[in-house]
Amino acid sequence: MKALASWCVRHRVVVVLLWLAALLGTGVLSQSVGSAYSNSFSLPNTESTQALSLLQQAAPKVAGDREQIVFHTSNGAKVTDPEVQATITTMLDEVAKVPHVSSITSPYGPGGSTQISANGTTGFATVTFDRQEQYISTAVAKQFVAAAQTANRAPNLQVAVAGQVAESANRVSFGGTLPGVILAGVVLLLVFGSVFAMALPLVSALASLGTAIGLIGLLSHGVKMPQFSPTLVLLIGLGVGVDYALFIVTRHRQGLIAGSDVESSIVNAVNTSGRAVLFAGIIVCIALLGMFALGVSFLYGLAIAAALGVLLTMVAALTLLPALLGFIGPRVLSRRQKKELATTGPRVVGTGTKGFWPKWAAFIEERPILPAVVALVVVVLVALPFFSLRLGSSDQGNDPVGTTTRQAYDLLASGFGPGFNGPLLLVTQSPAQADAQALDRLAAAVTAQPGVAKVVAPVSLPAKNGNQVSLITVYPTTAPQDVATTNLIDHLRQQTIPAAIAGTSVRAYVGGNTAIFVDFARVLSSKLPLFIGLVVVLSFLLLTMVFRSIIIPLTAAAMNLLSIGAAFGVLVAVFQWGWLGSVFQVNRAGPIEAFLPVMLFAILFGLSMDYEVFLISRIHEEWLKSDDNNAAVRKGLASTGKTITAAALIMILVFGSFMLGGLRVIKEFGLGLAAGILIDALVIRMAIVPSVMFLIGRANWWFPSWLDRILPHLGVEPDLPPSVEEPEGPAAPAEPVRV
């Protein structure tokens, strides 16, 4: 680390040019090549996958994604009026020319009257593609939506499109990226009191994130990544990148105030705080890449994208930031600090008794039980809603009001019922000579099932390998995201269908997008314990090797789980229960996205470990000097409290600003991360952790000798003489003034 920092400072022009070339090169290349984001995932050994496989084998051209083009008339016009019918028919002819469109079921065709509402003002056409949405490019999706919306030019006619392909054509909202950057800059300016010191963390984070976004766009051609991957990387990387740079800049400023020259101070900052940044970044990447253990392909691309963003922000903090610090020299200090340094001479920051954080550390040392109990009660109360967590997939009724998918959802819900936004596909398989009456009995049984609004008569597909495959479309009475719809799917699978086909050779599977998302939630829920256990164990081992302690890693794991539980408690209260929904612009209460617990756990666990490492590494540094647990905890908290809380505030503002975006999933990420960081940094790290360390005493640092011999040594603190760790410089006084 020392050699790396020295090289970057002395060759700062080369470092800046290399980063500039990486930023511009990846950006230009990504723009010229384009991106290929797709919401692709597979769920082996699930009923919805079996249904899809049967369709693909029997009739590949009708096994693709199904979209609904919804049209609504106003001012007394009816869907069946000749001029309206002519407009819709012309539009459907244009849609049929879109690549990968294999068939269109028009409301004006045979049996199409069921696709027109009772009052005659709303109708829909079903468009079937020859492949699933993840294999349809964004350009084709936009062409499809544009072709459908050509009918909007007709008077008294509104046309909108619902479905996964239409969803991919929506513009991806980057939420509050700009507000987040502005708010982070304001906090940095207040903390540092210097425009140069404020700008450096932002420049470092933005340069690395710009490069990461370009690389992710290129990687999307080889790795399936969801469309919101760039937004998520910005969300995580902006907060993490500013935080990492903040810790190094703060340590550098402390070195300058202690009397060190610019280069020595930068080298010492990277050699101390930079080590903590490196270790913390590795833990975040481990937590993110741990999602590969789930075996769900949808998460692979997200894990790679997010880990790449964190990796580049970490590398920028360790290379680009030292180079930039070398350029600006002592101007990283505020005017007041430079004036005080010239007047009173060097001083060691954070070792006195004045100021809030030294007083807070002394207060906790005197009465550790009180803050620990109060803080723990607060965290537990916030986390209680977590036990009501329901995973699922929010439907398109949560999309921003102006999008075509939201308009189509509302039109279908008002004209036919909310369940028409998420039809179930009942796929059957039977010998070609099987009794056709068995399928009629099955359709009748499903029709009689409570919660079913309508069932379309079975449609036979071409026989293959001696088997007949048929398709029955089932419309529930409730919305796709409702718990009643999930219960209906379970009832059909477990009771209605088995009873209807008992004694026959028919096999039936419930599929369709709604069923796929139900299965997706269950697959992730079943594998979540394995993922959590893997990440916790790996992090525990790393902390054990670094701090040579058993108690500290155990405490860190428990505290991290507490903060994550609190984050989910807030999410459940707002998005699932609808508390303060109008404040957070939550359109409808509904389930938490199925993949959110995995992603949020990985990110929050990694970020929580960041604060743990920054706090404990400083405490450990003091412990190695003094061999006094209470003094080490007190000094470590006093010297890092301001920086950690400032870093947390920046993250909270950055993550919270993403609530301004229109996508529900990004809002969930933003609120969950902001709430988790708030609880973790301000309540757990600044109150519970130091209180527990004061109560445990020297046992914090107990480590069996046999384990010490087995495990490798990974040091966050450099093995340097005190004169280098805390440079005093050629000050006028013999001893630095301690404040």
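The values are calculated or read from the model by the stated rules, or taken from the named source; none is laboratory data. Predicted, not measured: the structure shown is a model, and the values here were computed from it. Positions of Cβ are backbone-derived with ideal geometry, glycine not excepted, and every protein chain shown enters the neighbour counts.
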Phe124 being surrounded by 14 or more Cβ atoms within 10 Å (Cβ to Cβ), in contact with a Leu (Cβ under 9 Å, 6 or more places away or on another chain) and closer than 28 Å to Val455 by Cβ:
yes
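Here is a yes/no grid of residues against (1) closer than 30 Å to Asp395 by Cβ; (2) crowded, with 20+ Cβ neighbours inside 10 Å; (3) over 21 Å from the mean Cα position of the chain (by Cα):
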| residue | (1), (2), (3) |
| --- | --- |
| Arg507 | yes, no, yes |
| Gly512 | yes, yes, yes |
| Phe520 | yes, yes, no |
| Leu530 | yes, no, no |
| Leu534 | no, no, no |
| Val537 | no, no, yes |
| Ile550 | no, no, yes |
| Pro553 | no, yes, yes |
Residue check, Thr428 touching a strand residue (DSSP E or B) at 6+ places or on another chain (Cβ under 8 Å), buried (at least 23 other Cβ atoms within 10 Å of the Cβ) and within 30 Å of Lys142 (Cα to Cα):
no
Subset of the stretch 312-326, residues touching a helix residue (DSSP H, G or I) at 6+ places or on another chain (Cβ under 6 Å) and of a type outside the set (Gly, Ala, Ser), comes to Leu312, Thr313, Met314, Leu318, Thr319, Leu320, Leu321, Pro322, Leu324, Leu325
If we scan the stretch 84-96, do we find a residue that is of a type in the set (Asp, Glu) and not in a loop (DSSP other than H, G, I, E, B)?
yes
Counting only helices (runs of 4 or more DSSP H) entirely within the stretch 153-270, those with at least 3 residues that are farther than 25 Å from Gly670 by Cα and touching a residue at least 40 places away in the same chain (Cβ under 8 Å) are 195-219, 229-257
Against the conditions (1) at pLDDT 85 or above; (2) surrounded by 14 or more Cβ atoms within 10 Å (Cβ to Cβ); (3) among the aliphatic types (A, V, I, L, M), where does Ala444 fall short? Just the number, please.
(2)
Screening Leu278, Leu324 for residues that are in a helix (DSSP H, G or I) and surrounded by fewer than 23 Cβ atoms within 10 Å (Cβ to Cβ) leaves only Leu278
Between Gln449, Gln468, Gln481, which is surrounded by 20 or more Cβ atoms within 10 Å (Cβ to Cβ), free of Cβ contacts under 8 Å to residues at least 60 places away in the same chain and not in a helix (DSSP H, G or I)?
Gln468
Would you confirm whether any residue within the stretch 332-354 is touching a helix residue (DSSP H, G or I) at 6+ places or on another chain (Cβ under 8 Å) and surrounded by fewer than 15 Cβ atoms within 10 Å (Cβ to Cβ)?
yes
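A quick yes/no check of all residues on (1) free of Cβ contacts under 8 Å to residues at least 60 places away in the same chain; (2) more than 37 Å from the chain's Cα centre (by Cα); (3) more than 25 Å from Gly402 (Cα to Cα):
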{"residue": "Ser53", "(1), (2), (3)": "yes, no, yes"}
{"residue": "Ser74", "(1), (2), (3)": "no, yes, no"}
{"residue": "Lys78", "(1), (2), (3)": "yes, yes, no"}
{"residue": "Pro110", "(1), (2), (3)": "yes, yes, yes"}
{"residue": "Glu133", "(1), (2), (3)": "no, no, no"}
{"residue": "Gln143", "(1), (2), (3)": "yes, no, no"}
Just checking, how many residues over the stretch 558-585 are buried (at least 23 other Cβ atoms within 10 Å of the Cβ) and touching a Lys or Arg at 6+ places or on another chain (Cβ under 7 Å)?
0
Do we have Gln396 as surrounded by 14 or more Cβ atoms within 10 Å (Cβ to Cβ), within 19 Å of Lys667 (Cα to Cα) and either in the same structural domain as Ile116 (by TED's automatic domain parsing) or of a type outside the set (Val, Ile, Thr) (or both) here?
yes
Per-region count, the stretch 123-137, residues over 16 Å from Gly422 (Cα atoms) and touching a Phe, Trp or Tyr at 6+ places or on another chain (Cβ under 7 Å):
1
